[in-house]
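Have a look at the structure below before the remarks.
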Amino acid sequence: MNVLTVKELRKKFKRNNVIKGVSFELPEKKIIALLGANGAGKTTTLQIIAGLMNKTGGEIQFEGVEAGTDTRQMIGYLPQFPVFYQWMSGKEFLQYVGKLSGLSNEAAAKKTTELLALVGIADAGKKKIANYSGGMKQRLGIAQALIHDPKLLILDEPVSALDPLGRREVIELLKKLKTQITVLFSTHILSDAEEVSDEILFLHHGEIVESGSLEALTAKYKQPKITLVFERSPQSYIDQLHQALKIDEVDINGKEAVLLVNETDKARDIILQMSVEDRWPLVKFEMSKAKLEEMFLKVVQGQ
Amino acid sequence: MRQWIFLLQKEMLENIRNFKWIWMPLVFIILAVQQPVTMYYMPQIIEKFGGLPEGTVLQFPTPSAEEVLAASLTQYNSLGILIIVLSTMGIIASERKSGVAAMILVKPVSYTSFVTSKWIGSMLLLWVSFFCGYLGAWYYTGILFEFVPFSIFIESLLLYGIWLSFVTTLTLFFNSFMKSSGMIAFITLTIIILLSVFSSTLSNALSWSPALLSNYVTQYLMMGVFPEEMTASLLLAIVSIIALLIASIFLFRKNELAA
């Protein structure tokens with residue numbers, strides 16, 4: 001079941017088309033990563049879904065909700081740079097937005113305590129937000145997005161502003177939320193998307209250029225590659241290899257050679273056999289699949 | 001309704017934490033109270049600091065209590081309005097600019113409640129400050145000169161308060177669609193100044209102008225009867241306040257919060 005269906009979403013700023021007909025579906029209780037370079041239209045897309053911006057065209061349909069009704073109750077939203085009332089404490093802010101979202105006083109207080117613990121700032125709950133560090137604000141931002149038990153959590157670059165430790169913790173938090181809630185998060189950090197997301201949407205210049213589950217995308221774009229490192233320049237050995245096997249692409253960089261081949265198993269046998277027979281000064285032999293990053297570059301450059 | 005009360009509570013709490021609930025009433029008291037005090041001690045002040053040539057005989061007619069009270073009120077015409085505008089200039093704009101308005105309004109919060117709670121919050125602050133200040137002026141006028149009947153005090157308070165409310169609402173109106181609080185203060189003050197200048201120079205043609213309310217209140221204090229033209233001016237002020245508030249809600253809703 002899909003929580004949200006977006007059809008042909010368009011957004012125009014003056015004469016500038018920022019979103020050019022984006023369509024996608026968000027399946028229930030999955031984590032979906034919206035990937036794209038800076039300026040691809042990620043934030044705009046999320047803001048339109050969250051109701052902070054008007055769309056120029058297209059449809060946004062929540063499951064089981066008639067078009068035109070207020071869907072804010074169903075959405076938890078964390079902007080890229082969350083800001084709060086500086087004069088409130090973290091606890092006060094959470095209770096305030098909880099009550100504004102329709103929770104009773106007791107429910108808001110209970111939920112606040114839970115969430116402060118969940119995001120790991122229980123100790124700082126009574127401190128003024130003005131004294132919070134960037135990472136603490138980000139966590140408080142996630143907590144406020146979850147306060148009214150939304151069906152859909154929208155996170156705009158939830159980890160970009162964090163240090164490695166904070167990033168790790170937010171990723172772990174997202175993993176905890178998996179299976180409980182649908183999460184749509186934008187990022188330009190590919191390894192994060194690779195780590196937690198079930199599905200990926202590639203946004204490029206305001207269009208979805210590729211989408212699908214992580215496995216499906218890897219299967220589609222994976223081209224096995226073999227990395228060889230020699231003690232000296234690999235050119236002559238690569239020439240030898242060319243005669244023995246079909247190589248699609250070679251990239252030689254210093255003592256390292258990266259080969260793209262189709263028949264990996266055959267290539268491995270030949271390379272290992274030749275290196276033994278001819279006593280190649282081989283330092284490293286590695287077989288790997290293309291990473292999301294390379295996938296991303298391919299998708300983008302293919303446009 | 002419950003949500004509206006939480007929004008108003010937040011406005012009140014914010015104005016307590018940033019000390020507006022302390023300094024606004026204080027400034028309003030100082031502004032108004034200094035008038036009866038300086039008027040009472042004027043002969044002594046001139047004697048001490050005036051350096052008049054010897055033999056000069058100055059005869060000060062003792063002003064009537066109503067004159068003193070009216071003079072206190074005119075203190076608010078310039079400085080009072082300036083303070084009102086400066087204290088309300090960022091009431092929505094600063095929250096939109098920082099982005100915290102967007103944080104609140106992605107929650108199921110009514111736009112109408114958001115704007116009206118801010119309006120009521122600043123109205124309460126204004127009326128309490130104004131009441132304290134004007135009451136102080138009335139009290140000191142009573143002690144140093146003569147007590148003006150309390151009913152007249154209340155009537156002039158309500159009438160002049162409508163004019164100050166108009167100023168507050170006008171500031172809120174520009175807040176609903178502009179982001180720069182400096183610009184909001186500039187435009188509001190310019191409009192108020194132009195309105196006052198034109199209304200008092202062309203007071204016959206523009207007798208219905210809300211900006212003349214302060215003149216009418218003065219006249220009422222001096223003469224003891226309401227000027228005829230006042231009704232139109234008062235009605236127009238009230239209608240403008242309501243219209244500006246409705247327009248503010250409409251414009252605020254129409255604006256994209258994220259932009």
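The values are calculated or read from the model by the stated rules, or taken from the named source; none is laboratory data. The structure presented is a predicted model; accordingly, all values stated were derived computationally and were not measured. A quick note on method: Cβ atoms are made from the backbone with ideal geometry, for glycine too, and the neighbour counts reach across all protein chains shown. With ligands, DNA and RNA removed, areas are computed over all heavy atoms of the protein, side chains included. Shrake-Rupley method; radii C 1.70, N 1.55, O 1.52, S 1.80 Å.
Of the residues in the stretch B:93-109, those shielded by at least 20 Å² of accessible area once partner protein chains are present, compared with the chain alone at a 1.4 Å probe, are B:Ser98, B:Val100, B:Met103, B:Ile104, B:Val106, B:Lys107, B:Pro108, B:Val109. The A and B chains share an interface that buries close to 2600 Å² of accessible area, total over both sides, probe 1.4 Å.
Helix B:2-17 and the longest principal axis of the C-alpha atoms of chain B enclose an angle of approximately 50°.
A 1.4 Å probe run over the protein chains yields, for the stretch A:223-290, 60 Å² of accessible area per residue, whole-number rounding. Could you state the angle between the C-alpha long axis of helix A:164-177 and the longest principal axis of the C-alpha atoms of chain A, as a value from 0 to 90 degrees rounded to the nearest 10? Tilt relative to chain A: about 70 degrees.
With the simple model of a label 7 Å out from the Cα in the direction of the Cβ, A:Gln235 to B:Glu146 spans 11.3 nm. Ellipsoid fit via the Cα gyration tensor, the stretch A:1-136: semi-axes of 32, 19, 14 Å, each the root of five times an eigenvalue, largest first.
Extension gain for the segment B:Ala243 to B:Ile46, taken as residue separation times 0.36 nm less the Cα-Cα distance, is 66.1 nm to one decimal. Rolling a 1.4 angstrom probe over the stretch A:1-149 with all protein chains present gives an accessible area of which 47% lies on carbon and sulfur atoms. Highest mobility in the GNM of chain B, judged by mean-square fluctuation with C-alpha springs under 10 Å and restricted to B:Ile184, B:Ile143, B:Ile92, is found for B:Ile143.
Remark: mean inter-chain Cβ contacts per residue of A:92-100 equal 5, using a 10 Å Cβ-Cβ cutoff to other protein chain atoms.
A loss of 30 Å² or more of accessible area (1.4 Å probe, protein heavy atoms, ligands and nucleic acids excluded) relative to the isolated chain is seen in these residues of the stretch A:130-155: A:Gln144. Modelled spin labels at A:Met287 and A:Lys7, positioned 7 Å past Cα toward Cβ, are 4.7 nm from each other. For B:Arg2 and B:Arg253, a Förster radius of 22 Å and the Cβ-Cβ distance give a FRET efficiency of 0.60, rounded to the nearest 0.05. Rolling a 1.4 Å probe over the heavy atoms of the protein chains gives the stretch A:62-147 an accessible area of 42 Å² per residue. Please report the carbon-and-sulfur percent of the accessible area for the stretch A:190-257; probe 1.4 Å, protein heavy atoms only, DNA, RNA and ligands left out. Accessible surface attributable to carbon and sulfur in the stretch A:190-257 totals 43 percent.
Given a Förster radius of 56 Å and the C-beta distance between A:Asn262 and A:Val65 as r, what FRET efficiency does 1/(1 + (r/R0)^6) yield to the nearest 0.05? In this case the efficiency is close to 0.70. Remark on A:Ser89: its backbone amide H falls under 5 Å from those of A:Ile129, a criterion applied only to residues 5 or more positions apart or on other chains, H modelled at 1.01 Å from N. Need the C-alpha centroid separation for the stretch A:30-73 versus the stretch B:155-186, integer Å. Spelled out, the Cα-based centre of one part sits 36 Å from the other. Note: relative contact order over chain B, using C-alpha pairs below 8 Å and six or more positions apart, is 27 percent. So if I take the centroid of the Cα atoms in the stretch B:1-48 and the same for the stretch A:105-121, what is the distance between those two points in Å? Answer, in whole Å: 38. Highest GNM mean-square fluctuation among B:Val68, B:Val85, B:Val106, for chain B modelled with Cα contacts below 10 Å: B:Val106.
Take the stretch B:2-254 with all the other protein chains still there, run a 1.4 Å probe, and you get 46 Å² of accessible area per residue. Taking the DSSP bridge list for chain A and keeping only pairs wholly inside it, about 65 percent are antiparallel.
Think of each Lys and Arg Cβ as +1 and each Asp and Glu Cβ as -1; about the Cα centre, that makes the dipole of the stretch B:2-254 roughly 1560 debye. Highest mobility in the GNM of chain B, judged by mean-square fluctuation with C-alpha springs under 10 Å and restricted to B:Thr218, B:Thr56, B:Thr88, is found for B:Thr56. For the pair B:Thr38 and A:Ile270, label points projected 7 Å from Cα toward Cβ lie 9.9 nm apart.
Scaled against the 2.2 N^0.38 Å expected of a compact globular protein of N residues, the Cα radius of gyration of the protein assembly as shown reads 1.41. In angstrom, the C-alpha Rg and Dmax of the stretch B:2-254 are 20.4, 77. In terms of accessible area, using a 1.4 Å probe and ignoring ligands and nucleic acids, A:Ser197, A:Ser160 rank largest first as A:Ser160, A:Ser197. Inter-part distance, the stretch B:231-259 to the stretch B:200-229, computed on C-alpha centroids, equals 24 Å. In the protein assembly as shown, the DSSP beta bridges split such that about 65 percent are antiparallel, to the nearest 5.
When the other protein chains are added to the chain by itself, burial of at least 30 square angstrom of heavy-atom accessible area (probe 1.4 Å, ligands and nucleic acids ignored) affects these residues of the stretch B:228-259: B:Glu256, B:Ala258.
Each residue of the stretch B:222-229 was assigned a 3J(HN,Hα) from its phi angle through the Karplus curve 6.51 cos²θ - 1.76 cosθ + 1.60 (θ = phi - 60°); the sequence is 6, 8, x, 10, 6, x, 4, 5 Hz, with glycine and proline shown as x. Among the listed pairs A:Lys30/B:Lys254; B:Lys107/B:Lys254; A:Lys99/A:Lys126, a Cα-Cα separation exceeding 23 Å is found for A:Lys30/B:Lys254. Per-residue ellipticity at 222 nm, computed for the protein assembly as shown from helices alone with -39500 (n - 2.57) per DSSP H run of at least four residues, works out to -17500 deg cm²/dmol.
Pairs over the 25 Å Cα-Cα cut-off, from the set A:Lys127/B:Lys20; A:Lys246/A:Lys298; A:Lys55/A:Lys91; A:Lys225/A:Lys284; A:Lys55/B:Lys97: A:Lys55/A:Lys91.
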